[in-house]
Amino acid sequence: MIDQKTIEHIAKLARLKVTADEAVEYGEQLTKVLAHFQQISKINTENIEPLVTPAEIEFYLRDDVAAPELKTEAMLKNAPDKAGNLFKVPPVV
Amino acid sequence: MELIQASFKQVSDAVKSKKISAVEVTKFFLARAEKLNPQLNAYIAFNTEAMAEAEVIDSKIQKGEAVGPLAGVSFGIKDLLCTRDLRTTAGSKILSNFIPPYDATVVTRLKNAGAVVLGKLNLDEFAMGSSNETSFYGPCRNPWNPEYVPGGSSGGSAAAQSARIAMGTIGTDTGGSIRQPSNFCGIVGIKPTYGRVSRYGIVAYASSLDQAGPMVSTVEDAALALEVICGHDPKDSTTSQQKVPEFSKNISNNVKGMKIGLLKEYQSGGIHEDTTETYQRAVNELKKAGAEIIEVSVPLTEFAVPMYYLIAASEASSNLARYDGVKYGYRSDFKDLASLSLEDFYSQTRGEGFGKEVKRRIMLGTYCLSSGYYDAYYNKACQVRRLLREQYLDVFKRCDVLLSPVTTTPAFKIGEKSSDPLKMYLNDIFTTSTNLAGLPGMSVPFGFSKQGLPIGVQLTATHFNEQSALNVASVLEAVSGVQERRPNVF
């Protein structure tokens with residue numbers, strides 16, 4: 001059972017503001033979904049390495065050389081708020 | 001040449017030989033799209049530069065310069081792929097004002113091949129959904145019956161293609177998002193092997209599962225578009241450096257002696273009788289064409305839905321952390337930034353910017369990755385994922401292609417499943433294991449329900465063997481008889 005305290009904790013970790021109604025709804029739904037998903041616990045996975053990349057891919061590193069990229073102006077174009085070449089945010093210190 | 005029926009090759013050849021101009025083709029499809037879109041809601045936005053881009057193709061041809069294999073072909077792009085100077089929303093409020101400064105590699109490759117982008121297609125928010133109902137821009141409708149969903153998450157792509165308000169479309173598939181809507185709308189969709197297609201510039205949902213692919217009208221068009229978008233990209237280190245085959249030239253209708261596997265696990269459990277009938281007919285046709293049919297088993301597919309949602313939600317909760325109202329996208333309307341905590345700044349922006357299903361998956365994923373639960377959920381799912389992949393690789397030692405239904409039922413009604421997340425998740429029962437194992441999979445239209453809704457069949461091949469799936473698809477396409485039927489919007 002995912003209780004309201006857990007939902008609040010998870011919402012805080014996820015930096016998500018959820019309303020009281022949403023918290024109740026998510027609590028019930030996640031409880032139901034996780035109860036169903038619990039079935040994978042019965043599979044024996046002793047000493048099995050977790051798999052992340054599913055196909056055989058020769059990992060590639062490009063050469064460490066400077067290449068033309070987007071200009072500062074283009075990168076800042078979508079900023080909701082800025083000051084000069086800086087993104088504006090609430091005080092962080 | 002009737003444009004709505006013409007193949008990519010026919011149109012591109014006609015454009016190159018100046019029988020028709022790219023501008024005329026673009027004008028035709030834009031006009032058709034603008035006329036039909038209000039009833040379908042397939043496009044979120046049209047590309048105002050489309051005509052100018054078509055003019056560039058024509059002027060290159062006038063000057064005798066080389067143009068690519070898709071010269072003048074009109075494409076609709078799922079609004080999950082970044083398009084330079086053209087708003088890209090991912091179906092979300094949080095990206096409602098985002099204008100990318102660059103193109104996704106898939107878009108660059110289409111443009112380099114001469115394709116013209118008509119606009120951006122509707123989808124479930126951040127590709128999280130199976131019905132297109134979670135889009136911030138409203139649900140998209142199935143052209144075969146507007147009361148039904150087109151499927152999801154690439155619902156706009158499937159609807160636009162089946163109504164021919166684009167010549168071709170691009171979708172993405174994390175757990176079935178190309179194959180399921182293709183199946184619901186009667187078109188051909190292919191999800192390539194993980195690593196075939198660059199993910200650069202595609203808004204990330206679950207990075208170890210996401211792949212883009214063509215959603216088009218015929219197997220031939222699918223093969224050609226696939227050739228164009230596949231291949232190594234230095235901007236995505238998970239793209240394979242394997243050579244891309246000439247899929248379209250290599251298509252063969254000969255399946256004599258080919259071994260087609262039928263998955264034991266996908267033949268029971270509430271499958272709609274019309275779906276079963278279509279699937280059985282496909283089995284018989286392949287037998288007739290000389291293929292050998294064998295029964296195989298991948299027992300762990302039974303756990304594909306839990307595995308998929310645990311992994312996808314975990315990856316999503318991490319990927320979507322970037323939407324914070326700082327660098328781009330939606331930010332809450334704060335009156336006084338100076339007296340605000342950074343914590344509240346993030347939480348309020350994200351709380352307002354994301355829709356319900358996205359928040360639900362972020363919560364699920366955060367929970368699965370949180371201290372004390374990581375091993376039981378995320379890590380466990382990744383371990384089972386390796387076992388699932390091994391079972392598939394074993395099966396592909398005995399057969400070339402797997403044939404199965406795509407979903408248990410034809411398209412469902414708008415609103416029918418949207419209130420129950422688990423019910424919606426279980427809709428993905430036959431598609432998610434393909435992504436977990438990184439295999440290529442496709443959906444080919446093969447029949448209709450008694451109600452007149454399209455039904456496809458699914459073909460799955462081993463890693464980097466898209467060609468075998470395309471070949472089997474081509475045999476099925478030739479005998480399906482579905483090409484003659486069209487949705488009511490015509």
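Output the residues belonging to the range B:222-280 that are over 20 Å from residue B:400 (Cα atoms), among the hydroxyl-bearing types (Ser, Thr, Tyr) and not in a helix (DSSP H, G or I).
Within the range B:222-280, B:237, B:238, B:239, B:240, B:268 meet the criteria.
Give the range B:322-376 a look and list any residue that's outside any loop (DSSP other than H, G, I, E, B) and of a type in the set (Val, Ile, Thr), or say none. Give the derivation first.
Looking only at the range B:322-376, we keep the residues that are outside any loop (DSSP other than H, G, I, E, B), and these are B:322, B:337-339, B:342-353, B:356-369, B:375-376.
Of everything in the range B:322-376, those that are outside any loop (DSSP other than H, G, I, E, B) and of a type in the set (Val, Ile, Thr) turn out to be B:349, B:358, B:362, B:366.
Examine the range B:246-256 for a residue that is surrounded by fewer than 18 Cβ atoms within 10 Å (Cβ to Cβ), touching a residue at least 24 places away in the same chain (Cβ under 8 Å) and of a type in the set (Asp, Glu), and state whether such a residue exists.
no
It is to be established whether one or more residues within the range B:402-416 are in a loop (DSSP other than H, G, I, E, B), within 22 Å of residue A:30 (Cα to Cα) and either small (Gly, Ala, Ser) or out of contact with any helix residue (DSSP H, G or I) (no Cβ under 6 Å at 6 or more places or on another chain) (or both).
Scanning the range B:402-416 turns up at least one residue that is in a loop (DSSP other than H, G, I, E, B), within 22 Å of residue A:30 (Cα to Cα) and either small (Gly, Ala, Ser) or out of contact with any helix residue (DSSP H, G or I) (no Cβ under 6 Å at 6 or more places or on another chain) (or both).
Filtering the range A:1-55 down to residues that are assigned to a loop (DSSP other than H, G, I, E, B) and of a type in the set (Ser, Thr, Tyr), which residue is farthest from the other protein chains (Cβ to nearest Cβ)?
Restricting attention to the range A:1-55, the residues satisfying the condition of being assigned to a loop (DSSP other than H, G, I, E, B) are A:1-3, A:14-19, A:43-55.
So of that shortlist, the ones also of a type in the set (Ser, Thr, Tyr) come out as A:19, A:45, A:53.
Numbers: A:19: 8, A:45: 4, A:53: 6 Å.
This residue is A:19.
If you take the residues of the range B:317-357 that are at the interface with chain A (Cβ under 8 Å from one of its Cβ atoms), farther than 23 Å from residue A:85 by Cβ and of a type in the set (Lys, Arg), which of them is surrounded by the most Cβ atoms within 10 Å (Cβ to Cβ)?
Looking at residues that are at the interface with chain A (Cβ under 8 Å from one of its Cβ atoms), farther than 23 Å from residue A:85 by Cβ and of a type in the set (Lys, Arg), I get B:350.
Check whether at least one residue in the range B:147-167 is of a type in the set (Phe, Trp, Tyr) and surrounded by 24 or more Cβ atoms within 10 Å (Cβ to Cβ), and report yes or no. Before the answer, list the steps.
Initially, the range B:147-167 is screened for residues of a type in the set (Phe, Trp, Tyr), giving B:148.
Going one step further and asking which of them are surrounded by 24 or more Cβ atoms within 10 Å (Cβ to Cβ), we end up with none.
Within the range B:147-167, none of the residues are of a type in the set (Phe, Trp, Tyr) and surrounded by 24 or more Cβ atoms within 10 Å (Cβ to Cβ).
Quick test for you: out of B:89, B:83, pick the one residue that is in contact with an Asp or Glu (Cβ under 9 Å, 6 or more places away or on another chain) and touching a residue at least 40 places away in the same chain (Cβ under 8 Å). Can you show your working first?
Values: B:83 fails: touching a residue at least 40 places away in the same chain (Cβ under 8 Å).
Testing whether each residue is in contact with an Asp or Glu (Cβ under 9 Å, 6 or more places away or on another chain) and touching a residue at least 40 places away in the same chain (Cβ under 8 Å) leaves just B:89.
Pull up the range B:5-54, narrow it to residues that are in contact with a Ser or Thr (Cβ under 9 Å, 6 or more places away or on another chain) and among the β-branched types (Val, Ile, Thr), then point me to the one that is nearest to residue B:225 (Cα to Cα).
Among those that are in contact with a Ser or Thr (Cβ under 9 Å, 6 or more places away or on another chain) and among the β-branched types (Val, Ile, Thr), it is B:11.
Examine the range B:377-392 for a residue that is farther than 17 Å from residue A:12 by Cβ, of a type outside the set (D, E, K, R) and assigned to a loop (DSSP other than H, G, I, E, B), and state whether such a residue exists.
No, because not a single residue in the range B:377-392 is farther than 17 Å from residue A:12 by Cβ, of a type outside the set (D, E, K, R) and assigned to a loop (DSSP other than H, G, I, E, B).
Can you find a residue that is under 30 Å from residue B:234 (Cα atoms) and crowded, with 21+ Cβ neighbours inside 10 Å anywhere in the range B:58-67?
Checking the range B:58-67: not a single residue is under 30 Å from residue B:234 (Cα atoms) and crowded, with 21+ Cβ neighbours inside 10 Å.
Might you let me know whether the range B:279-299 holds any residue that is on the phi < 0 side of the Ramachandran plot, within 14 Å of chain A (Cβ to nearest Cβ) and among the β-branched types (Val, Ile, Thr)? It would help to see each step written out before you state the result.
First pass over the range B:279-299, keeping only residues on the phi < 0 side of the Ramachandran plot: B:279-289, B:291-299.
Narrowing further to those that are within 14 Å of chain A (Cβ to nearest Cβ): B:298-299.
Filter again for among the β-branched types (Val, Ile, Thr), leaving B:298.
The answer is yes; a qualifying residue exists.
What's the number of the condition residue B:223 fails, among (1) more than 12 Å from every other protein chain (Cβ to nearest Cβ); (2) more than 23 Å from the chain's Cα centre (by Cα); (3) at negative phi?
Of (1) more than 12 Å from every other protein chain (Cβ to nearest Cβ); (2) more than 23 Å from the chain's Cα centre (by Cα); (3) at negative phi, only one is false for residue B:223: (2).
Would you confirm whether any residue within the range A:72-87 is within 8 Å of chain B (Cβ to nearest Cβ), surrounded by 14 or more Cβ atoms within 10 Å (Cβ to Cβ) and under 26 Å from residue B:434 (Cα atoms)?
No, the conditions are met nowhere in the range A:72-87.
Every number here is computed from the coordinates shown, using simple stated rules; none is lab data. Computed from a predicted model, the values in this text were never measured in an experiment. Using ideal geometry, Cβ is built from the backbone for each residue, glycine included, and neighbour counts are taken over all protein chains shown.
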